[in-house]
2 protein chains.
Amino acid sequence: MRRERHAAIGVFDSGVGGLTVLKALMERLPLESTVYLGDTARVPYGTKSGEVVTQYSLANAHALAEYDVKLLVVACNTASAVALPALRAKLPIPVVGVIEPGAKVAAESSRTGKVAVIGTPGTIASGAYQKALHALRPSLEVHAQACPLFVPLAEEGWVDGDVPRLVAEEYLGRELLTGGVDTLVLGCTHYPLLSQVIHKVVGPRVTLVDSAHATADEVTRVLRDEELNRTDVRASVERHFLVTDTPNRFLEVGARFLGRPLSGARQIDLKLA
Amino acid sequence: MRRERHAAIGVFDSGVGGLTVLKALMERLPLESTVYLGDTARVPYGTKSGEVVTQYSLANAHALAEYDVKLLVVACNTASAVALPALRAKLPIPVVGVIEPGAKVAAESSRTGKVAVIGTPGTIASGAYQKALHALRPSLEVHAQACPLFVPLAEEGWVDGDVPRLVAEEYLGRELLTGGVDTLVLGCTHYPLLSQVIHKVVGPRVTLVDSAHATADEVTRVLRDEELNRTDVRASVERHFLVTDTPNRFLEVGARFLGRPLSGARQIDLKLA
């Protein structure tokens, strides 16, 4: 890891979900090289403890440190919720999570002052979104709801039809979105794949906030402020993909998240971590 | 690990599912002490590669080796499907998986000669049930279906109502159970929790086979054949529970699987594995 313009942006996630964040980064910062690590041997993080997720996050950062990385994006909401302080304490480069950028968009866009956030059990239990939203706008009324079945539904490609609709109604239909909530934060990188069905359940008056683009904006700002952004348009752009399990399933499911086929991924040794 | 009557039965699973097997063992062999390890920091195994599941299985056996264990039960179908040869090659004690016992019951009980098996993607892709069933009864017609959403549904306690019914209909409703299948193997330790809804979907003519009791019978037979069964009715019976993540969620969800409250579980160091 080194603070140099030429180096790459490192991104890690528990698996494929963070590819929605990588996609936004590639669109927003086309000159930047990227190294993406999906911890597919230990996915999911959302149902595990903060202690274990922090341990895995440090191991992922350690694996990415072998690459020439100038900034680390924690593309997993659960890891962003629990492991940012530990990562920032250990690493000599800027670390950007997905929670603060998403919370900022939500805090700024709500008119009613009532915001809901959905995420994994780990993210919701951490209270990280609730804290970030209140820090930005203390008067906000924040409703939080864990939606554990959304991750397996998105991973299995069950993103429309009766099952995801009924699951979304169970999580979102009653208490959560009554009484003036006008902004719903999709606090998990898997959830954008379910945004159509979520949108139908919550209705057209509720704006869905996906932190991928907000995070790409934040990365752009940090690179510029730290004078780490690439400026040489002739430099070659590299894309590396690393996984901790065998690559097959990552390549297959990942294409849905990245919105394009993945050329390949290298399996790194689990013992590293 | 040592081959002595006084030692305990070791059981491991990817998480809580194997507690259905432990429950059957406790009922069938009330004099035997048990040590159960749930690899909750890396659950689930069913969507991971055979390579990684074998690595985790060996690590679990290694952790259980620190205890006084005379026989190892691999209570996870996915691990039984891919890791038994590696475990048997490495360990000095008998190793019993859940697939052969379940397959034996199914092969013996089918009248039509048409059997279906459901399990995780890892179990089904391994072909282990298909091979075991054909070895026992070569003329059997075997239908196999992966049901990846059943594990999160069982873990979250969504075991009745519209969502599990629709999911079960999607997996089981059409091709799988037409044409005379009369026996359905529940090839994952989570699935017995969904047996009521599965039973409704497949109808009363299909017998559900749960390998927990068949596995307890097999363990009883092996202990007797190897002269390892406890005979002293006055000896104290110990129950140990180990987990790789923090115990809270294991204790909470595990009670549903064991059918009684769990007194406590000790977290073992991940780095061990």
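A:HIS199 label point (Cα plus 7 Å toward Cβ) to equivalent points in the other copies: 4.3 nm, shortest first. Taking chain A as a Gaussian network, Cα atoms linked when under 10 Å apart, which of A:ALA116, A:ALA235, A:ALA144 shows the biggest mean-square fluctuation? For chain A, modelled as a Gaussian network with Cα springs under 10 Å, the answer is A:ALA235.
Give the residue list of GluC sites (Glu not before Pro) in region A:129-197 that are DSSP loop and have at most 16 other beta-carbon atoms within 10 angstrom. Of the GluC sites (Glu not before Pro), the ones in loops of region A:129-197 whose Cβ has at most 16 other Cβ atoms within 10 Å are A:GLU175.
Pairs of C-alpha atoms in region B:124-217 farther apart than 17 Å represent 51 percent of all such pairs. The residues packed around A:SER80, meaning those with a beta-carbon under 11 Å from its beta-carbon, carry a net charge of -2 if Lys and Arg are +1 and Asp and Glu are -1. With its label point defined 7 Å out from Cα along the Cα-to-Cβ axis, B:GLY264 lies at 5.3 nm from the matching points of the other copies, in increasing order.
Output the DSSP H helices from chain B with an along-axis C-alpha extent of no less than 30 Å and a mean Kyte-Doolittle hydropathy no less than -1.0. Passing helices, by number: none.
Distance from the Cα centroid of region B:173-206 to that of region B:1-74 is 27 Å (rounded to whole angstrom). In angstrom, the C-alpha Rg and Dmax of the protein assembly as shown are 24.5, 80.
Among the residues of B:50-63, the average count of other protein chain beta-carbon atoms within 10 Å of the residue beta-carbon is 2. Helix-only arithmetic for chain A: the sum of -39500 (n - 2.57) across DSSP H runs with n ≥ 4, divided by the residue total, places the mean residue ellipticity at 222 nm at -13000 deg cm²/dmol. Amide H contacts of B:LEU242: B:TYR36, B:LEU37, B:GLY38, B:ARG266, each under 5 Å away and 5 or more positions distant or on a separate chain (H built 1.01 Å from N in the peptide plane; Pro and chain starts excluded). Each Cα pair under 8 Å and six or more residues apart adds its sequence gap; the mean of these over the residue count of region B:100-211 is a relative contact order of 35 percent.
Taking every C-alpha pair closer than 8 Å and separated by at least 6 residues, the mean separation divided by the residue count of chain A gives a relative contact order of 27 percent. Using a Gaussian network model of chain A in which every pair of alpha carbons under 10 angstrom is joined by a spring, one finds that among A:LEU22, A:LEU136, A:LEU37 the greatest mean-square fluctuation is at A:LEU136. Taking N as the number of residues in region B:1-157, what is its alpha-carbon radius of gyration divided by 2.2 N^0.38 Å? Compactness ratio reported: 1.04.
In percent, what relative contact order does region B:24-181 have, based on Cα pairs under 8 Å that are 6 or more apart in sequence? Could the numbers behind the result be given before it?
Working: 174 pairs, mean separation 31.4, N = 158.
Relative CO of region B:24-181 lands at 20 percent.
For chain A, lysine pairs separated by 8 or more sequence positions, or belonging to different chains, with Cα-Cα distances below 21 Å total 10. For peptide B:31-44, the mean count of partner chain Cβ atoms within 10 Å of a residue's Cβ comes to 2. Which shape class applies to region B:5-62: rounded if a/c is under 1.5, otherwise prolate when a/b exceeds b/c and oblate if not, where a ≥ b ≥ c are the square roots of the Cα gyration tensor eigenvalues? Here region B:5-62 falls in the prolate category.
Here, each number is a calculation from the coordinates, and none is a lab measurement. Remember, predicted model here, so these are calculated numbers, not experimental data. Neighbour counts are summed over all protein chains in view; Cβ atoms, including those assigned to glycine, are modelled from backbone coordinates with ideal geometry.
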